[in-house]
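Visitor: There's a structure below that I have some questions on.
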Amino acid sequence: MQIRKASKEDIKSIAKVYVDGWKTTYKGFVPDNYLESLAYGEAEQKWMSFLSSENDPFIYIAVNEEGKTIGFAAGKRLNHDKFDGELYALYLLPKSRGTGTGRQLVSVIAKHLIEQGVNSMMVWVMEQNRSGLGFYERMGGKAYLRRKNEVGGMLVEDVAYGWEDVSALCREE
């Protein structure tokens, strides 16, 4: 497996991982009709727009031996009173979960933020996503904030996890 910074040419594969990731991760947590409505074309527009937005956004992808994107993580600067950076998204194809790919992607995001002079980071996680909560807790994240968020006409609870020092996330591979 290889992890590299994504370019606009990778948007199609990022959109596929994003949509497929939502459909597997959030099944039973959000309305089925919302998951069924997710489309690759709209996801491509979302991620293209993300890369063109403010706050120095960036995406890294994990590519398997066959050259297929199996996961990605997105990050950006953040104007927040406690954290200067955000792990905006982390999505893996189901077969790639539990393999260390997620940890490696988070590590690369942390390294990138440090290179930009950003030393703290947060991430929002849907509270019903117990595996996601556990993952960030095992990575040393501390829950510090909650919010309500509307997804497909349904109100969900999100939890923010934060790291005051992202250097703890940087792993040597």
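Visitor: Can you pull out every residue in the stretch 87-117 that is aliphatic (A, V, I, L, M) and either assigned to a helix (DSSP H, G or I) or free of Cβ contacts under 8 Å to residues at least 60 places away in the same chain (or both)?
Guide: Those that are aliphatic (A, V, I, L, M) and either assigned to a helix (DSSP H, G or I) or free of Cβ contacts under 8 Å to residues at least 60 places away in the same chain (or both): Leu87, Leu90, Leu105, Val106, Val108, Ile109, Ala110, Leu113, Ile114.
Visitor: Conditions first: (1) assigned to a strand (DSSP E or B); (2) touching a residue at least 24 places away in the same chain (Cβ under 8 Å). Arg146 passes all but one, so which condition is the exception?
Guide: If we test Arg146 against (1) assigned to a strand (DSSP E or B); (2) touching a residue at least 24 places away in the same chain (Cβ under 8 Å), just (2) comes out false.
Visitor: What are the residues in the stretch 123-143 that are in contact (Cβ under 8 Å) with a residue 24 or more places away in the chain, charged (D, E, K, R) and closer than 19 Å to Ile109 by Cβ, if any?
Guide: Glu137
Visitor: Let me ask another. Specify which of the listed residues (Gly75, Gly21) is in contact with a Pro (Cβ under 9 Å, 6 or more places away or on another chain), part of a helix (DSSP H, G or I) and within 19 Å of Asp158 (Cα to Cα).
Guide: Gly21
Visitor: With respect to Asn64, determine if the residue is out of contact with any strand residue (DSSP E or B) (no Cβ under 8 Å at 6 or more places or on another chain), surrounded by 15 or more Cβ atoms within 10 Å (Cβ to Cβ) and of a type in the set (S, T, N, Q).
Guide: No.
Visitor: Going through the stretch 118-143 one residue at a time, which ones are in a loop (DSSP other than H, G, I, E, B) and of a type outside the set (D, E, K, R)?
Guide: If the condition is that a residue be in a loop (DSSP other than H, G, I, E, B) and of a type outside the set (D, E, K, R), then Val118, Asn119, Ser120, Gln128, Asn129, Met139, Gly140, Gly141 are the ones that fit.
Visitor: Name, by its number, the condition in (1) farther than 15 Å from Thr25 by Cα; (2) surrounded by 18 or more Cβ atoms within 10 Å (Cβ to Cβ); (3) β-branched (Val, Ile, Thr) that does not hold for Ile114.
Guide: Among (1) farther than 15 Å from Thr25 by Cα; (2) surrounded by 18 or more Cβ atoms within 10 Å (Cβ to Cβ); (3) β-branched (Val, Ile, Thr), the lone unmet condition for Ile114 is (2).
For every residue, the table says whether it meets (1) surrounded by 20 or more Cβ atoms within 10 Å (Cβ to Cβ); (2) on the phi > 0 side of the Ramachandran plot; (3) touching a strand residue (DSSP E or B) at 6+ places or on another chain (Cβ under 8 Å); (4) touching a residue at least 12 places away in the same chain (Cβ under 8 Å).
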{"position": "Gln2", "(1), (2), (3), (4)": "no, no, yes, yes"}
{"position": "Lys16", "(1), (2), (3), (4)": "no, no, yes, yes"}
{"position": "Pro31", "(1), (2), (3), (4)": "no, no, yes, yes"}
{"position": "Tyr40", "(1), (2), (3), (4)": "no, no, no, yes"}
{"position": "Ser52", "(1), (2), (3), (4)": "no, no, no, no"}
{"position": "Asn55", "(1), (2), (3), (4)": "no, yes, yes, yes"}
{"position": "Arg77", "(1), (2), (3), (4)": "no, no, yes, yes"}
{"position": "Gly85", "(1), (2), (3), (4)": "yes, no, yes, yes"}
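Rule-based calculations on the coordinates, nothing more; no lab input. Values in this document were obtained by computation on a predicted structure and should not be read as measured data. In this analysis, Cβ positions are derived from the backbone assuming ideal geometry, glycine residues included, and neighbour counts consider all displayed protein chains.
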